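Data block below; observations after.
The numbers here are math on the coordinates, done by the rules we state, and not lab data. This structure is a prediction, so every number in the text was calculated from the model and none was measured. Cβ atoms come from the backbone with ideal geometry, glycine included; neighbour counts cover every protein chain shown.
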Amino acid sequence: MKMAAEVRWLLIFHVFSVIYAVLGETTHRKFEYKYSFKPPYLAQKDGSVPFWEYGGNAIASSENVRVAPSLRSQKGAIWGKQPITFDWWEVELVFRITGRGRIGADGLAFWYTSSKGAYNGTVFGSSDNWKGLGIFFDSFDNDNKHNNPYIMAVLNDGTKNFDHANDGTTQLSVGCLRDFRNKPFATRAKIEYYQNTLTMLFHNGMTNNEQDYEMCFRADNIVLPKGGYFGISAATGGLADDHDVSHFLTHSLYSPGQLRSDEQKVSLEEQQKLSQEYMEYQKKLQQQTDEYHREHPNEHREKEEFEEVFESESQREFRQIFAALGQTFNTLRELDNKVNDILAKQDRTINAMNQLVVGGVQTGGQPGQPVQLIDTIRRQEVDTILGNQNAILSAAREIKTYVTDVYSKADTIISNQARAPTAQVQPMGYDYHSLISEMRDGLNTLKRDIGQMNTKANCGDCPTTNCLTTTMFLLFVALQMIILLVYSMYRDNKEAQAKKLY
Ligand code: MAN
Ligand code: CA
Ligand code: CA
C-alpha cells in the first residue's frame with residue numbers, strides 16, 4: 001500500500017512535469033542534485049560532501065557547511081566538482097551568519113566562475129581576478145560609510161582586483177543594503193540567471209515562512225561564461241562570525257520551447273505508457289479505498305463521536321477557567337449595579353439633607369398646598385447622618401477600586417491564557433485555581449460588607465421609630481392651645497381690671 005502510494009506520487013509528478021513541459025508556457029525547472037547539497041546527511045561519515053570539494057578552514061557536518069568559523073582570520077570554501085552543463089539556472093541558498101559581536105566580519109560569497117576558485121583566497125576566502133560572477137554578503141564596513149551589511153553582485157572578466165578596503169564600491173556592481181546577521185530564522189537567497197537576466201531575491205530570516213522573499217536586485221544583459229563552477233566561500237578578519245550554509249539547491253531552467261529539442265525530451269510513446277500506468281494506479285487506489293470503507297463503515301463516525309464525548313486535559317482546563325471567569329464577571333456586574341444604586345441613593349439623601357439644613361423645615365405638599373410643619377432636625381443627627389454618608393462614600397470608593405482590581409486580574413488571566421501554549425498550570429507564572437478562589441472569597445466579603453452598609457445606610461444611628469408621633473404632635477398642639485387659652489383669659493382679666501380703674 002505504502003509502495004503503491006510512493007510510486008503513484010512519483011508518477012503523478014512525472015506525468016504532470018512532462019505535460020507541463022510539453023504544453024505549458026512557463027519555464028521548466030529541473031532539480032540538479034549533482035550541483036546541490038542539503039541536510040540531513042549533507043556530509044557523509046568520512047566528512048566528504050557528495051559532488052563537492054571543500055577546503056581551507058571550512059568544516060562540513062551532516063547539517064551544514066561551516067564555511068568560515070568565528071575565529072580571527074579564517075578562510076574557507078566549497079566548490080562543485082563538475083562544471084555546469086545547462087545555460088540557465090536558479091540557486092537557492094539557505095544560510096546563517098551569526099556572531100556574538102554587534103558587528104561581525106567579513107562575509108560570505110556565492111560564485112559562478114569559469115574555473116574553481118581557491119580555498120583560502122583574498123576575496124571572502126576565495127580567488128581574486130575571477131572570471132564570472134561573485135555575489136558577496138559583506139558584513140563588515142571596511143570603508144566606514146555606514147552601508148554594511150550589504151549584498152552585491154560583482155562581475156569580473158579576470159582582470160580586476162577586488163577593492164576590499166572600499167567594500168568593492170569602486171567596481172561596477174548592483175546590490176542592496178540588507179542585514180543578514182543573527183536572525184531568528186535562516187536567511188535565504190534565490191539567485192536566478194535566466195536568459196541573461198540576473199535576479200536576486202532575499203529572505204531576511206525574520207519569519208519562518210519560506211516564501212517571504214523580496215527583491216534585492218535585477219540586472220539585464222549579463223553574460224556569464226558557459227560551463228562554469230558553483231562555489232561558496234567565506235572569511236573572517238580582525239572580527240569574526242560563523243558562516244554556515246545548510247542548503248545549496250540548484251535547478252536548471254528551460255524555456256517552454258527549449259525542452260522539446262533537449263535530449264531529456266520524453267517520447268510520445270513513453271508519455272502514453274506513463275499515463276496508462278497512472279490511470280491504472282488511480283483505479284487500483286479507488287478500489288482499495290472503497291474496499292476499506294466497506295470493511296470499516298463505522299470508523300469515521302466512531303472517531304467523531306469520540307471527539308464529541310471526550311475532551312483533552314487542556315480543553316477541560318480552558319472550559320473550567322472560562323466558566324469561572326464568566327461567573328466572576330456576572331458577580332462583578334451585580335456588584336457594580338449595587339454600588340451605583342448606593343451612590344444614587346447617597347446623592348438623593350445628601351440633597352435632602354442640604355435642604356433641611358438650609359431651610360430647617362420640610363415642605364411635603366404640592367405648590368399651593370398649605371405648608372406642613374414638622375419638627376426640625378437636630379444638629380447632632382445631621383452630623384451622624386453626614387458621617388454615615390461619608391462612610392458609605394469611602395466604602396463605595398474602596399469597592400470600586402476592588403472591582404477594578406478584580407477586572408484587571410481577570411484580564412491578566414485571559415491574556416496570560418492566550419499567550420500560554422496550552423492551558424496547563426504554569427509553574428513560574430500564576431495559579432488559576434487559587435487566584436479564582438481568592439477572587440471568589442473577595443467577592444463574598446464584598447457582598448457581606450455591602451449588605452452591612454445597606455443596613456447601616458437605611459437606619460444608621462437614627463431612632464428606629466418616628467421621632468415625632470401623632471399623639472405627641474396632638475398633645476403638643478393641645479398644650480399650645482391650652483397655654484394660649486390661659487394666656488388670653490389672663491389678658492382679658494387684666495384688661496377688665498384696667499377698665500374698672502379708669
Ligand atoms: C581587520 C582586517 C580587515 C577585516 C576587518 C574585519 O581590519 O583584517 O581586512 O575586514 O578586520 O574583520
Ligand atoms: Ca567589507
Ligand atoms: Ca561599506
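Highest mean packing comes first when the peptides 135-143, 229-237, 195-203 are listed by Cβ atoms within 10 Å, giving 229-237, 135-143, 195-203. In loop segments of the range 58-134 as defined by DSSP, the trypsin sites (Lys or Arg not before Pro) with at most 16 further C-beta atoms inside 10 Å of their C-beta are Arg72, Lys81, Arg100, Arg102. Each 10 Å bin from zero holds the following percent of Cα-Cα pairs in the range 41-134: 14, 45, 34, 6, 0. When you count the other C-beta atoms within 10 angstrom of each residue and take the mean per peptide, 166-174, 244-252, 145-153, 120-128 line up highest first as 120-128, 244-252, 145-153, 166-174.
So, counting K/R as plus one and D/E as minus one, what does the shell of residues with Cβ under 15 Å around Ile222 add up to?
On the way: positive: Lys131, Arg218, Lys226; negative: Asp87, Glu90, Asp157, Glu192, Asp220.
Taking every other residue near Ile222 into account, the sum is -2.
Excluding Phe110 itself, what net charge comes from residues whose Cβ is under 13 Å from its Cβ, given Lys and Arg +1 and Asp and Glu -1? Before the final figure, lay out the partial values.
Details: positive: Arg188, Lys190; negative: Glu90, Glu92, Asp138, Glu192.
Local net charge: -2.
With a ≥ b ≥ c taken as the square roots of the eigenvalues of the C-alpha gyration tensor of the range 130-248, please select rounded if a/c is under 1.5 and otherwise prolate if a/b is larger than b/c or oblate if it is not? Taking the square roots of the gyration eigenvalues as a ≥ b ≥ c, the range 130-248 is oblate. As a ratio to 2.2 N^0.38 Å, the alpha-carbon radius of gyration computed for the range 94-149 takes the value 1.23.
Taking a threshold of 18 Å on the Cα-Cα distance, which of the pairs Lys81/Lys116; Lys38/Lys75; Lys34/Lys81 fall above it? All intermediate terms of the calculation are to be shown ahead of the outcome.
On the way: Lys81/Lys116 9 Å; Lys38/Lys75 22 Å; Lys34/Lys81 9 Å.
As for pairs spanning more than 18 Å Cα to Cα, those are Lys38/Lys75.
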